[in-house]
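*Asks:* Below you will find the structure I want to go over with you.
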Amino acid sequence: MAALGSYLVARCAGGLWYLRMEDLDLPRVVPGIADDMLATLEKLGFEWDGEVVYQSRRTDCYREAAEELIRRGLAYACGCTRSEIAQIASAPHEEGLVYPGLCRDGLAEGKVERALRVKVYDEVVSFDDGVMGRYSQHLTGSCGDFVIHRADGPYAYHLAVVVDDAAAGVNQVVRGADLLASTPRQIYLQQVFNYATPAYYHLPLVTGPNGAKLSKRDNAVSLSAGRDLGQDGSALLVSALRFLGQAPPSSLKDATPSEVLAWGVANLDISAIPRTSAPFPEE
Ligand SMILES: [Zn+2]
């Protein structure tokens, strides 16, 4: 859904459309899934600009950014375990525990670095989402100093996407509403690095039959699970357009996927995109 939505928004504005594989968490990446997704997108008539960016190959850029934050005194080592934070943190929020800043002034004796955190300040970050409207978050109240790198893991999504968007000159970000609440942290990092903030559009999520949230993996698999997309591709795109609040004529199902996409670009009405998640429409 994010692929279709971002394609329509980018092309409608006459812009380029870049693909990025967010494969930082390598142990959890399903082998071959990137190639499957690219093949599916091709079958569905999507044409992307430039090279596909793989985050797993850009670790040096993220390290450089993290080191800059350390040099500027904006990031510090944290040695807290999850249970230590849970004992002290205020009530859990939707985004997890609020970090109480225990290691801001240095690691306590005997503690080893477990994560690198960036300092946040007592301010509210607000932005106008192109679909969801005004969104505000008080960083100290909702997450506190947040993790940008785990000692035994990858660089955090927030840091990676901010660095990648700036490197590619991205000026529009279209993605699922599950990332809405993380956007203020990314805007905060953009401000810290003096990067421009792109326009954001957060799309409603596809839910399971009983309203349950589908995991990212479910979504990815459902797109590429060996469906025969030959003729189905157009019907799938027409359903996806409807899910996004657009009103394609039923006759479009008989068109080629490229023609369906062209219709979507020519007729995109962003104000019609619903804000609430829903099951994918059946034929
Ligand atoms: Zn700590």
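The values are calculated or read from the model by the stated rules, or taken from the named source; none is laboratory data. Since the structure is predicted, the reported quantities are computational estimates derived from the model, not experimental observations. When we count neighbours, we look across all protein chains shown, and the Cβ atoms used for this are built from the backbone with ideal geometry, even at glycine. These area figures cover heavy atoms from the full protein model, side chains too; ligands, DNA and RNA do not enter into them. Shrake-Rupley method; radii C 1.70, N 1.55, O 1.52, S 1.80 Å.
*Asks:* Based on Cα positions only, what radius of gyration and what Dmax would you give for the stretch 11-79, in angstroms?
*Replies:* Taking only Cα atoms of the stretch 11-79, I get Rg and Dmax of 16.7, 48 Å.
*Asks:* Determine the equivalent ellipsoid of the chain by diagonalising the alpha-carbon gyration tensor, then write out the semi-axes as square roots of 5 times the eigenvalues, largest first, rounded to whole Å. Write out the running numbers ahead of the final one.
*Replies:* Details: eigenvalues 274, 73, 68 Å².
They are 37, 19, 18 Å, listed largest first.
*Asks:* Then there is this: Each label point is 7 Å from the Cα along the Cα-to-Cβ direction; what then is the distance between the points at HIS138 and ALA196, in nm?
*Replies:* 3.3 nm
*Asks:* Continuing with the same structure: So what is the relative contact order of the chain, in percent, for Cα pairs below 8 Å that sit 6 or more residues apart? Show your work: numbers first, answer last.
*Replies:* Values: 418 pairs, mean separation 56.9, N = 283.
Worked out over the chain, it gives 20 percent.
*Asks:* As a test of the formula, what do you get for the chain when each DSSP H run with n ≥ 4 contributes -39,500 (n - 2.57) and the sum is divided by the residue count, at 222 nm and rounded to the nearest 500 deg cm²/dmol?
*Replies:* -11000 deg cm²/dmol
*Asks:* Another question, then. So for each of 200-207, 133-140 I average, over its residues, the number of other beta carbons within 10 Å; can you give me the resulting order with the highest mean first?
*Replies:* Output ranking for 200-207, 133-140: 200-207, 133-140.
*Asks:* Pop a pseudo-label 7 angstrom from the Cα along the beta-carbon direction at both ALA151 and LEU26 and give the gap in nm to one decimal.
*Replies:* So the label points at ALA151 and LEU26 sit 2.1 nm apart.
*Asks:* While we're here: Residue farthest toward the positive end of the dipole of the chain, with Cβ of Lys/Arg at +1 and Asp/Glu at -1: which of GLY101, GLN55, VAL120?
*Replies:* About the Cα centre, the residue reaching furthest to the positive side is GLY101.
*Asks:* Next question. Could you sort CYS61, CYS80 by accessible area so the largest value comes first, with the probe set to 1.4 Å?
*Replies:* So, going from the largest accessible area down, we get CYS61, CYS80.
*Asks:* Take every DSSP beta bridge with both residues inside the chain and express the antiparallel ones as a percent of the total, to the nearest 5.
*Replies:* Bridges in the chain that DSSP calls antiparallel: roughly 65 percent.
*Asks:* Between ILE33 and LEU97, how high is the FRET efficiency from 1/(1 + (r/R0)^6) when r is the Cβ-Cβ distance and R₀ = 25 Å? Nearest 0.05.
*Replies:* On the way: r = 30 Å, r/R0 = 1.20.
Approximately 0.25, to the nearest 0.05.
*Asks:* A follow-up question, please. Please compute the length gained on full extension between SER258 and SER126, using 0.36 nm multiplied by the number of residues separating them and subtracting their Cα-Cα distance.
*Replies:* 43.8 nm is the gain from fully extending SER258 to SER126.
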